[in-house]
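The values are calculated or read from the model by the stated rules, or taken from the named source; none is laboratory data. Everything numeric in this text was worked out from a predicted model, so none of it was measured. Neighbour counts run over all protein chains shown; Cβ positions are idealised from the backbone, glycine included. SASA here: full protein model, heavy atoms, side chains in, ligands and nucleic acids out. Shrake-Rupley method; radii C 1.70, N 1.55, O 1.52, S 1.80 Å.
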Amino acid sequence: MKTPQDIILRPVITERSMSGIREHKYTFAVAVDANKIEIGKAVESLFAGTKVAKVNTMNVRGRLKRMGRNSGYTAKWKKAIVTLKPDSKAIEFFESLM
């Protein structure tokens with residue numbers, strides 16, 4: 001069994017993800033083998049007082065990078081956009097960044 005810390009790896013801090021905070025949408029990098037149900041339960045257990053309304057996931061492909069003659073791909077990863085219910089408590093970590 002995976003712990004919530006194994007499922008939610010890190011928050012994604014970009015301009016686009018920060019604009020979704022007003023609508024209670026938070027973006028996380030998650031484990032590649034995690035599903036939507038596991039992600040929702042992990043968010044609710046890690047951040048007390050939150051209630052997840054829905055979870056959208058997408059696989060981000062590795063991008064080609066070059067350094068001189070050598071080329072390779074960055075690691076692929078999975079991104080989850082978690083929408084909280086309107087009566088839910090906000091995630092404090094993201095609120096401190098605004």
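Taking the range 37-90 on its own, how many of its residues are closer than 13 Å to I7 by Cβ and hydroxyl-bearing (S, T, Y)? Selection size over the range 37-90: 2. Would you pick out the residues in the range 59-79 that are farther than 15 Å from L9 by Cα and touching a residue at least 12 places away in the same chain (Cβ under 8 Å)? Correct list: R61, G62, T74. Residues considered: K78, K2. Of these, the only one that is basic (K, R) and either open to solvent by 60 Å² or more (accessible area, probe 1.4 Å) or more than 13 Å from the chain's Cα centre (by Cα) (or both) is K2.
Can you confirm whether I21 is in contact with a helix residue (DSSP H, G or I) (Cβ under 8 Å, 6 or more places away or on another chain) and over 27 Å from M1 (Cα atoms)? In short, yes. Looking across T14, T50, T83, T57, one residue alone is at pLDDT below 95, surrounded by 11 or more Cβ atoms within 10 Å (Cβ to Cβ) and of a type in the set (S, T, N, Q). It is T50.
Residue pairs whose Cβ atoms lie under 7 Å apart, separated by 6 or more positions or on different chains, with the first residue in the range 1-26 and within 17 Å of K79 (Cβ to Cβ) and the second surrounded by 15 or more Cβ atoms within 10 Å (Cβ to Cβ) and basic (K, R), are V12/K79. Just one of (1) basic (K, R); (2) surrounded by 12 or more Cβ atoms within 10 Å (Cβ to Cβ); (3) at pLDDT 95 or above fails for K89. It is (3).
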